[in-house]
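Step one of this worksheet: look at the structure below.
The values are calculated or read from the model by the stated rules, or taken from the named source; none is laboratory data. Keep in mind it's a predicted model, so treat the numbers as computed, not measured. In this analysis, Cβ positions are derived from the backbone assuming ideal geometry, glycine residues included, and neighbour counts consider all displayed protein chains.
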Amino acid sequence: MKKIGLILTLGISNFMLFLLTLLAFIPKSKKGELLRRIIEQKKYIILIFLVAAAHLIEVNFFDEPATQLVGADFSGAFDSVERNLISLFVGCRTYILTLFFVFIYIIVYPFLLCFSPLLFLVSNERKAMEAFSYGTAITYALALPFYLFFPVTNVYTYYSISSPLKVAIPPIEKFFYFTTTRNNCFPSLHVAMALLIAKSASFTRNEKYKLVTYFCSIAVVASVLILTIHWLMDVLGGLAVFSLVSRIINGKNQNDIEKKVLKKVTPSLIDRIKVSMVVKVLMKKVKQACKRLKIFVKPKLVGSVAKGTYLKDAIDIDIFLLFPKNTSRKELEEKGLTVGRRVLENAEERYAEHPYTRGKFMGYDVEIVPCYEVKDATEKISAVDRTPFHTDYVVKKLPRKKRKEVRLLKQFLKGIGCYGAEAEIQGFSGYLCELLVIKYGSFRKVLEAASKWNVGETIKLEEVESPSFSDPLVVIDPVDPNRNVASALSKEKFDLFVRASREYLRKPSLSFFFPREVKLIPLDEIREKLDDNFVGIKLEKPDIVPDNLYPQIRKSVRRIKQACEEADFEILESKFAVTENAIYLIFKPKKKTLSPTIIHRGPPEKEKEHVERFLKKWRGNERTVKGPYKIDGRWFVEVKRKFLRIEDFLRERLKEISVGKDIQKVIEKGNYEILDKEGLINDDLHKFWTEYLNGRMPWER
């Protein structure tokens, strides 16, 4: 009892002393805030003290009777497996190394154990405090049955060798056994708790403390082996306990995060009622307009509103006008646009496979799209004819309770920049999100599956025959097996989603769903950090829809890069940026200026016909500097380069390069300019360069 009283007194008094010191020295304006945090997080503080008290009670009251009840010690079993390893660890020890690991074991570990929750409390790292307190309780609950009913004596006691603790610091061992016993070894509490401290610290914003805890946790694991305190099996047991606790913490953290996300993205009851009322009024207006215009169609609500999977702040209402199959394409387009103009405010024409109308209705964004009414999607006349079947399939297959899982997936993809099948993004469509949730059952299971995907992954929801596809991800459309729903997904966005899935499952965070805005780096700092070799082309932005613009931009970047490399300007990076009025095509060549001459390798001497042509071309040519000449039976010639600087090459040859047709028109009109590094550092590209130099993923900002 004296031991327990002493330790409890020391622990509580030190904790109180630390808090009193903080209260004495922190500014008055902060005292109230600290007290509020203590009150708010009192359950975590109480839980930590309860676990500490339970441990002391176990050590001093229950451990010895439990050992006698079991009547056995399992160290012998460990010894039979590990004897050679123990000799290896003992052989690694030197006096200095022993002192270092004793310091880690006796001083650093207890300090981190006490200091970490206090730091979390003072710095208001509630998530870290929660992880540490609950993790401590779960760790001890998992370890306690083993301490009581699976006694394992520590290594140096089992072998009757001198305690490294006693050799290094003689008085320390006596105090050490106030808090533990010689046979409470499996699983290693030191290992499990050291790793838990590092895990808890990973939830903080304190990068330095994270690194300290990572290093110290590794050092603690090494110390229990080098000091021959724990068996390797004890360490593995501690790792197993920590692994389970870590999964529980991650699961709880994920649940908390996902609840917060759903609270933000799920439409309220009032929102849903309002949308439902607007849809009813809209459908009535569409039917009335069709009747007045004598247009015989069936209006149908499709898309995320029809399926109930829309996000709170992204409500688009999609109405499809189903025309009879015998309607001509011209009539379908004209009548579809006429209905759209009659019903919608600020109506404008948009183009997919054929024109449709986009505008406003009672404050909501609405699209009215004409299509053909077909019996099944395989009979489609135009691509949009499938869409009503997509809606019917999802409504039938997606349970109401799973709609929240679709919302989580959509917001996750928005957060990492992968949501949207349009050409600008080349990501996941809403329909693809719905199919993935139908296939795997939940948002988390989609991520678990995605974390294991490889390029070419093929997913089928129905057992149907389908052609092969060469896309990064293949999801066979259940209503049209000849189509890949994920065909718009680029390799870049596929890789990004796989990486984000792995990262989120490893360390969940709200920033995956709602990334922080990037903090702009000052232009002077960008100028200093940016490589001098960058060159760019600024183009007037053509007035065309994004779905037509972005494929042309990508084609232009690809073709210009190819042309540069054919002229010996090796391109290390090629990128583009689109602003309100301009397009920037940006290239980073290995060298902006090449050597004045280049040696051309000609044909072998024995190829007489080729040699004749080679000599005819280069003998007396005004560009020839040296040769033609032979080396080891092959002809060579040294000639002047046509272009030494990449800027000169682009000015001279840009109009000859085959790029996107609308961009070609801009170039032919001369509405472009070649920019060097200085010209590329401007307000238009401020965010672009900040993100480029930052180099972090959206969730890492």
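For beta carbons closer than 7 Å, sequence separation of 6+ or different chains, a first residue in region 557-581 that is over 27 Å from Pro596 (Cα atoms) and at pLDDT 95 or above and a second that is of a type in the set (Phe, Trp, Tyr) and part of a helix (DSSP H, G or I), the qualifying pairs are Ala577/Phe688. Quick check on this structure: which one of Phe49, Phe78 is under 18 Å from Val152 (Cα atoms), part of a helix (DSSP H, G or I) and at pLDDT 90 or above? After ruling out the rest, the residue left standing is Phe78. Exactly one residue among Thr139, Thr98, Thr67, Thr94 is farther than 20 Å from Val212 by Cβ, of a type in the set (Val, Ile, Thr) and under 38 Å from the mean Cα position of the chain (by Cα), and that residue is Thr139. Within region 364-392, the residues that satisfy the criterion of being over 24 Å from Asp271 (Cα atoms) and either among the polar types (S, T, N, Q) or assigned to a strand (DSSP E or B) (or both) are Val369, Pro370, Cys371, Tyr372, Thr378, Ser382, Thr387. When you look at Ser243, is it buried (at least 24 other Cβ atoms within 10 Å of the Cβ) and not basic (Lys, Arg), yes or no? It is false that Ser243 is buried (at least 24 other Cβ atoms within 10 Å of the Cβ) and not basic (Lys, Arg).
Of Ile537, Ile553, Ile571, all but one fail to be closer than 20 Å to Lys655 by Cα, in contact with a Lys or Arg (Cβ under 8 Å, 6 or more places away or on another chain) and crowded, with 16+ Cβ neighbours inside 10 Å; the exception is Ile571.
Against the definition (crowded, with 20+ Cβ neighbours inside 10 Å and touching an Asp or Glu at 6+ places or on another chain (Cβ under 6 Å)), how does Pro478 come out, yes or no? Here the answer is yes, as Pro478 does meet what is asked. Hey, any hits in region 502-514 for a residue that's assigned by TED's automatic domain parsing to the domain that holds Ser429 and more than 13 Å from the chain's Cα centre (by Cα)? No.
Over 17 Å from Arg386 (Cα atoms) and not in a strand (DSSP E or B): does that describe Glu334? So Glu334 fits the description; yes. The set of residues from region 625-668 being among the basic types (Lys, Arg) and in contact (Cβ under 8 Å) with a residue 40 or more places away in the chain comprises Lys640, Arg641, Lys642, Arg645, Arg653, Lys661, Lys665. Summed over region 178-206, the residues that are assigned to a loop (DSSP other than H, G, I, E, B), closer than 21 Å to Glu125 by Cα and not basic (Lys, Arg) give a count of 4.
When only residues in region 312-326 that are surrounded by fewer than 23 Cβ atoms within 10 Å (Cβ to Cβ) and more than 12 Å from Lys298 (Cβ to Cβ) count, which is modelled with the highest pLDDT? Only one residue tops the list, namely Asp318.
Looking only at region 430-463, filter to residues that are part of a loop (DSSP other than H, G, I, E, B) and within 24 Å of Lys307 (Cα to Cα); which one of those is modelled with the lowest pLDDT? Taking the candidates together, the pick is Glu463. Of the residues screened, Arg502 is one that is closer than 30 Å to Arg444 by Cα, basic (Lys, Arg) and in contact with a Ser or Thr (Cβ under 7 Å, 6 or more places away or on another chain). Scanning region 269-309 for residues that are closer than 23 Å to Gly336 by Cβ, touching a helix residue (DSSP H, G or I) at 6+ places or on another chain (Cβ under 7 Å) and in a loop (DSSP other than H, G, I, E, B) gives Ile295, Val297. Of Thr597, Thr593, Thr624, all but one fail to be among the β-branched types (Val, Ile, Thr) and crowded, with 17+ Cβ neighbours inside 10 Å; the exception is Thr624. When Phe614, Phe569, Phe587, Phe636 are checked against the criterion of being in a loop (DSSP other than H, G, I, E, B) and either touching a Phe, Trp or Tyr at 6+ places or on another chain (Cβ under 8 Å) or of a type in the set (A, V, I, L, M) (or both), a single residue qualifies: Phe569. Among the aliphatic types (A, V, I, L, M) and modelled with pLDDT of 95 or more: is that true of Val485 in this structure? Here the answer is yes, as Val485 does meet what is asked.
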